[in-house]
Amino acid sequence: MSYLIDNTEGAQYLLMGNEAIARGALEAGAKVVCGYPGTPSSDIIESLAKIAKDMNIYVEWSTNEKVAMEVAAAGSFAGLRSMCVMKQNGVNVASDFLLHLAGSGTRAGMVLVSCDDPGALSSANEGESRFFARLVEIPLLEPGDFQEAKDMIKWAFELSEEIRNLVMVRSVTRMSHASGNVKFGKLPPGDVHAVFKCDGFILDPMEGAVMSLPVRYKHALQQEKIKKAGEIFEDCPFNSYHGPEKPEVLIITSSACNLYSREAIGILGVEDRVGLLKLGTTWPLPPELLKRHLSRTDKILIVEEVLPFLEENVKILAAEMAPEIGIKTFHGKNDGTIPAVGELNPDLVVGALAQIVGIDYKPVPDEYAEKAEGVPTSRAPARELTFCPGCPHRASFWSIHNALQLDGRKGFVCGDIGCYGMATLPCGFSTLKTLHAMGSGGGIASGFGKLGRLGFDQPVLAVCGDSTFFHAEVPALINAVHHNSDFTLVVLDNSGTAMTGFQPHPGLKVSAMGEDVTSVDIAEICRALGARVEIRDPFDLGETQETLNELIEDKAGLKVLILRQICALSPEKKAGKKYDMTIDDEICLGENCGCNKVCTRIFRCPGLVWDKEKMVTRVDDVICSGCGVCADICPEGAIKRKEVA
Amino acid sequence: MKVFGANELLEDVFEKNLCIGCGACTYLCPYFRSYRGKTAILFPCNLTQGRCWAYCPKVEVDLDDLSERFFGRPYEKDPLGFHRSVKISKAGRQVSEGSFQAGGTVSALMSFALSKGYISAAALTDREGLRPVPRLAQSTDDILRCSSSKYTASPTLSALNQAINEGHNQIGVVGTPCQVLAIAQMRSNPMGDKDFSDPVSLVVGLFCTWAVDFREFDAFISERIEGSRITKVDIPPPPAEIMEVYTDNGKIEIPLDEIRELVPNTCSYCTDMTAEFSDISVGVLEGRPDMNTIITRTERGEKIVDEARKEGFLILDDIGKENLEHLIWAAGNKKKRAFIKAKQEGMLNAREEGARCYLRVRPETVEEIIA
Ligand SMILES: Cc1cc2nc3c(=O)[nH]c(=O)nc-3n(C[C@H](O)[C@H](O)[C@H](O)COP(=O)(O)OP(=O)(O)OC[C@H]3O[C@@H](n4cnc5c(N)ncnc54)[C@H](O)[C@@H]3O)c2cc1C
Ligand code: SF4
Ligand code: SF4
Ligand code: SF4
Ligand code: SF4
């Protein structure tokens, strides 16, 4: 049984931030939890899905973030504490509902967890979700350590019920994915009875209709709620100050930056010169609390990641309070003391702080730096981003690339986020030429496909993954069919949300909780839309390329090619190799005219290695996953595959 | 001979729009492929020397070199190229009926060579709809199925390269003059391969003044036939000046002037009307749709023609003076026009260190031709 449901009060566990958030939801008695996979947020739903049945909670991977928030809202409306979880840009997807939900208000506590990814370690954007809290006028909390990650979730539910509105909790990669000790509280009793009361007076918040209308009335109500939250924040246990009564410099920070700032003060040994105001409640800022701390000094350093959210909000308050607290000098992102983009780390904060307090600090001693210079790095092989050995995407893009080259009309592919986004790079033969939000490939292609009358004559392709198809591709396809836009969509169906760890999606027969569910057939949806649909195995290179060329030439509007092959890393495939691969040295042409290393120079599956001494290609048996595709790449038949018995 | 690689082929031929899509550079390796009448490069190749560049008939063709190699003398101004005889001919009684373009001489020669074992297979040109499809014929039936002219440029030599890959080493080929030029370069082992042995046993060239671009032709015709199926395409002999397209909904006639618009620019640099580096070349005969003009060039060509006649595969006759004069006039015209154009555009005998050009031939010969 999972330690996450250990009901011993005071038990201590080393938890990842995301697990702490999950435990917090359990201690709060959350009953409905939904999300859409996206690093760094995915582990929250995953860890809850595993224990969902034991704890009698409902957990789902929803089709997209907007639907996740809607499903969670239904829980709240029915009197159940509910939570929805997503990564930063997921909030953009959910934002239309978010705006209306913030206007209608909630019933049982409802929490939105957004995990941001400063530095875009696993994202195609460095999005900032905190502004949504200000934008839609809901309270925002940011945990500053792992214990808080758990405790703050529980507190957020209580706050949500106090003000009857959604509360947003924002984590970041280094909070979600790092681990720390967490002390457990009690789990509440499990009995609940879900019911949606809706026959009361229409404006009754607990028994009337749930809606953002009448707008002026509801908007005013919403502003009262956020004001109340601000008042509660004045005494919130998650805001704390450490440091001298009158420091030279006051650091204001939140989230993982709290940890970096603490470390920086320690490293510089300026505990008696620098004060640290760590905020857990970052929207709305509690004015009285800020006034107290801003009064301590004239020099303020704001340490935060992504956008200067705290900085701007503090500055507004400081401007309003200037007659009382005096004029302050602010350091942060705006004046460049803190880098404008990318993740922070203790070193960067040390650098910023040292500059302000006038300490000449070198993060690395000269002697060490010299030594480090001398260390040979050349033996570490240069690595570039690439698809895994046996990845179906490599085969798919090989065929897409070849089909477009054969066609010769300068065709291109529009895509979005997923492992296949790497097809912008040589590992995908640089085939992908636009990459934006989930489902944007189809939407952009739908646009290109209408430019014929304006002189456009390049063939247009779009790619999306199977999970993305459900998430956001369908409206683009409807648009394309309706407007008779001419393009070919290639669905790279690897049977799971591979990039984020094989979470199930609507195309599969099993849910997050392991229950049997109805699978939705991508091909049938496309056929119903009126598209011509073909299904191929991307490992059959010849057929795939031929089909692609046929579809590209077919001017009948929307064409869909589903390339179906399970991801090389999928749990189903890990079992073993389909083929044993060998290379016949006698036949291998190597660098000679007639091949010139097409396998290791162009196709570049990591399972193939160029033997510089013998001037032939070798198979690295440890890395090769035995997909057999390279045998069809070799022009000489030197790469042999033998079916594993 | 200087040899360069795929990057130079792209620069010298593709980027200058000189590729006719003959197929000589395809299927030598994983990089060049032919698709719907166009040659495509799939991935870049960084070798400094390669067969793709060496075989291409549109870059660094040394006519003197080739002529020395095949005929033992430098290239001369003769409009018909080096030849032993010019006659007229048609298929003999040993050849089954086929939908021949004219007298069926080409199909007859190929059938004869195959039946005698002089060749083990023939790289020919079939069609699917309007699209020319290279085929490796291995029986008389296959040869007959490929009869009749496809007026679009065809990647016929991709069938030759595939046949060589499959290990054939006695191959017959029928090709247009540019294709025959590419074959001549292939046969002269430009890469200096130690194990080289000539896989080609018989080359029959077709007369040609131009071919049309398949993709443009396809689009042009599709607009005019609205979905009907094409059964045959013919250009009746002058003075008709039309192309006849037969479909299952009847025949349409298109003025040749409209068709000439679809001829790729590269044909205007082609100096060769009669496939001068073949064993035997065959064309139509003015005024006699049932006969061909036949030129024999090599000893082997002469021997095969002679045997084919003796064994009833070929019927030969003398060519009339007027027909011969007309042939020489037409071939001379094409040659002169092309040499003038190529010279004007600086495509002959580039002299600067490392410079590459289209043709190399003694400047005196050029002057004689364009005089
Ligand atoms: C593009 C083109 C232009 C021509 N222009 C002229 C011309 O201007 N003057 C002239 O006298 N003759 C020309 N010919 C030649 C003529 O049309 C006949 O092919 C020739 O007379 C042989 O006739 P046949 O009855 O012996 O051919 P058949 O016995 O019918 O055999 C025809 C042979 O031609 C081959 N072939 C067909 N199309 C092509 C192609 N596109 N590329 C390569 N091989 C092909 C086939 O493989 C077949 O073996 C041209 C041919 C082509 C293909
Ligand atoms: S593709 Fe085949 S011939 Fe070419 S280097 Fe690889 S193994 Fe050798
Ligand atoms: S079989 Fe070939 S392509 Fe597949 S994983 Fe092994 S080396 Fe890579
Ligand atoms: S050099 Fe050789 S291997 Fe390279 S493209 Fe040309 S024919 Fe192919
Ligand atoms: S060899 Fe033929 S197909 Fe290849 S580039 Fe030259 S003309 Fe084009």
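For region A:354-365, check the following and say yes or no: at least one residue is in contact with a Leu (Cβ under 7 Å, 6 or more places away or on another chain) and exposed (fewer than 14 other Cβ atoms within 10 Å of the Cβ). Within region A:354-365 (the criterion being in contact with a Leu (Cβ under 7 Å, 6 or more places away or on another chain) and exposed (fewer than 14 other Cβ atoms within 10 Å of the Cβ)), the answer is yes, since at least one residue qualifies. With respect to being in a helix (DSSP H, G or I) and either of a type outside the set (D, E, K, R) or touching a residue at least 24 places away in the same chain (Cβ under 8 Å) (or both), A:N7 falls outside the description. Within region A:598-645, the set of residues being of a type outside the set (G, A, S), more than 22 Å from A:R383 (Cα to Cα) and within 16 Å of ligand 4 (Cβ to nearest atom) comprises A:I633, A:C634, A:P635, A:E636. Looking only at region B:1-40, residues that are open to solvent by 40 Å² or more (accessible area, probe 1.4 Å) and touching a Gly at 6+ places or on another chain (Cβ under 6 Å) come to 1 in all. Residues that are open to solvent by less than 50 Å² (accessible area, probe 1.4 Å), more than 14 Å from every other protein chain (Cβ to nearest Cβ) and of a type outside the set (S, T, Y) within region A:622-636 comprise A:C624, A:G626, A:C627, A:G628, listed in sequence order. The requirement of being open to solvent by 30 Å² or more (accessible area, probe 1.4 Å) and more than 11 Å from chain A (Cβ to nearest Cβ) is fulfilled nowhere in region B:41-50; no residue meets it.
Considering only region A:572-588, I want to know if a residue exists there that is out of contact with any strand residue (DSSP E or B) (no Cβ under 8 Å at 6 or more places or on another chain), of a type in the set (S, T, N, Q) and either within 11 Å of chain B (Cβ to nearest Cβ) or outside any loop (DSSP other than H, G, I, E, B) (or both). No, region A:572-588 contains no residue that is out of contact with any strand residue (DSSP E or B) (no Cβ under 8 Å at 6 or more places or on another chain), of a type in the set (S, T, N, Q) and either within 11 Å of chain B (Cβ to nearest Cβ) or outside any loop (DSSP other than H, G, I, E, B) (or both).
Say whether the condition of being outside the structural domain of A:M438 (by TED's automatic domain parsing), farther than 23 Å from A:E224 by Cβ, at pLDDT below 95 and open to solvent by less than 40 Å² (accessible area, probe 1.4 Å) is met by at least one residue in region A:75-86. Among the residues of region A:75-86, not one is outside the structural domain of A:M438 (by TED's automatic domain parsing), farther than 23 Å from A:E224 by Cβ, at pLDDT below 95 and open to solvent by less than 40 Å² (accessible area, probe 1.4 Å), which makes the answer no.
Can you tell which of B:R69, B:R73 is open to solvent by 60 Å² or more (accessible area, probe 1.4 Å), charged (D, E, K, R), away from chain A (no Cβ under 14 Å) and part of a loop (DSSP other than H, G, I, E, B)? It would help to see each step written out before you state the result.
Working: B:R69 fails: part of a loop (DSSP other than H, G, I, E, B).
Being open to solvent by 60 Å² or more (accessible area, probe 1.4 Å), charged (D, E, K, R), away from chain A (no Cβ under 14 Å) and part of a loop (DSSP other than H, G, I, E, B) holds for just one of B:R69, B:R73, which is B:R73.
Consider B:T125 carefully, then state whether it is over 30 Å from B:E223 (Cα atoms) and open to solvent by 10 Å² or more (accessible area, probe 1.4 Å). When the stated conditions are applied, B:T125 does not pass them. The set of residues from region A:273-283 being open to solvent by 40 Å² or more (accessible area, probe 1.4 Å) and over 13 Å from A:I359 (Cβ atoms) comprises just one member, A:W283.
Given the structure, is A:C464 outside the structural domain of A:V67 (by TED's automatic domain parsing), modelled with pLDDT under 95 and under 30 Å from B:P30 (Cβ atoms)? When the stated conditions are applied, A:C464 does not pass them. Annotation note: Cβ proximity below 6 Å between a residue of region A:502-529 that is of a type in the set (K, R) and a residue that is assigned to a loop (DSSP other than H, G, I, E, B) (sequence gap 6+ or interchain) occurs for A:K509/A:S519. Checked against (1) within 14 Å of another protein chain (Cβ to nearest Cβ); (2) within 29 Å of B:R127 (Cα to Cα), B:V95 passes all but condition (1).
Going by what's in this entry, would A:D335 be described as out of contact with any His (no Cβ under 7 Å at 6 or more places or on another chain), part of a helix (DSSP H, G or I) and open to solvent by 40 Å² or more (accessible area, probe 1.4 Å)? The answer is no for A:D335. The sole residue among B:A308, B:A275 that is in contact with a strand residue (DSSP E or B) (Cβ under 6 Å, 6 or more places away or on another chain), within 26 Å of B:V361 (Cβ to Cβ), within 13 Å of ligand 1 (Cβ to nearest atom) and of a type in the set (G, A, S) is B:A275. Can you name every residue in region A:484-500 that is out of contact with any helix residue (DSSP H, G or I) (no Cβ under 7 Å at 6 or more places or on another chain) and over 16 Å from A:A462 (Cα atoms)? Of everything in region A:484-500, just one residue is out of contact with any helix residue (DSSP H, G or I) (no Cβ under 7 Å at 6 or more places or on another chain) and over 16 Å from A:A462 (Cα atoms), namely A:G496. Being within 14 Å of ligand 3 (Cβ to nearest atom), exposed (fewer than 15 other Cβ atoms within 10 Å of the Cβ), outside the structural domain of A:T488 (by TED's automatic domain parsing) and farther than 26 Å from B:P44 by Cα is a condition met by at least one residue of region A:611-621. The single condition from (1) open to solvent by 30 Å² or more (accessible area, probe 1.4 Å); (2) over 30 Å from A:A523 (Cβ atoms); (3) away from ligand 3 (no atom under 14 Å from the Cβ); (4) within 14 Å of another protein chain (Cβ to nearest Cβ) that A:R604 fails is (3). In region B:138-157, the residues that are closer than 27 Å to B:C267 by Cβ and within 16 Å of ligand 4 (Cβ to nearest atom) reach residues that are in a helix (DSSP H, G or I) and small (G, A, S) with C-beta atoms within less than 9 angstrom, at least six apart or across chains, in these pairs: B:L157/B:A182. Per the listing A:I566, A:I478, A:I562, the residue uniquely closer than 21 Å to A:V93 by Cα, surrounded by fewer than 23 Cβ atoms within 10 Å (Cβ to Cβ), of a type in the set (A, V, I, L, M) and more than 14 Å from chain B (Cβ to nearest Cβ) is A:I478. Would you mind finding the one in B:E241, B:E258 that is at positive phi and more than 16 Å from ligand 3 (Cβ to nearest atom)? Residue meeting the stated conditions: B:E241. Say we look at region A:586-601 and pick out the residues that are open to solvent by less than 70 Å² (accessible area, probe 1.4 Å) and without any contact (Cβ under 8 Å) to a residue 40 or more places away in the chain; which of these is farthest from A:P426 (Cα to Cα)? Once the filter is applied, the top-ranked residue is A:C593. Within region B:128-153, the residues that satisfy the criterion of being touching a Cys at 6+ places or on another chain (Cβ under 8 Å) and either open to solvent by 40 Å² or more (accessible area, probe 1.4 Å) or not in a strand (DSSP E or B) (or both) are B:R135, B:A153.
Name the residue that is nearest to the other protein chains (Cβ to nearest Cβ), counting only residues in region A:398-413 that are among the charged types (D, E, K, R) and assigned to a loop (DSSP other than H, G, I, E, B).
Pass one, region A:398-413, residues among the charged types (D, E, K, R): A:407, A:409-410.
Narrowing further to those that are assigned to a loop (DSSP other than H, G, I, E, B): A:409-410.
Details: A:R409: 9, A:K410: 12 Å.
Among those residues, the one meeting the criterion is A:R409.
Between B:G175, B:G117, the distinction of being away from ligand 1 (no atom under 13 Å from the Cβ) and small (G, A, S) belongs to B:G117 only.
Considered as a group, the residues in region A:414-437 that are within 14 Å of chain B (Cβ to nearest Cβ) and under 26 Å from B:N17 (Cβ atoms) include one that is surrounded by the most Cβ atoms within 10 Å (Cβ to Cβ), and that residue is A:T431. Filtering region B:275-308 to residues that are in contact with a His (Cβ under 8 Å, 6 or more places away or on another chain) and open to solvent by 10 Å² or more (accessible area, probe 1.4 Å) leaves only B:E286.
The values are calculated or read from the model by the stated rules, or taken from the named source; none is laboratory data. Here the structure is a predicted model, which means the values were calculated and not measured. With ideal geometry, Cβ positions are generated from the backbone for all residues, glycine too; neighbour counts draw on all protein chains shown. Ligands, DNA and RNA are stripped out before the accessible areas are found, and what is left, the full protein with its side chains, is counted by its heavy atoms. Shrake-Rupley method; radii C 1.70, N 1.55, O 1.52, S 1.80 Å.
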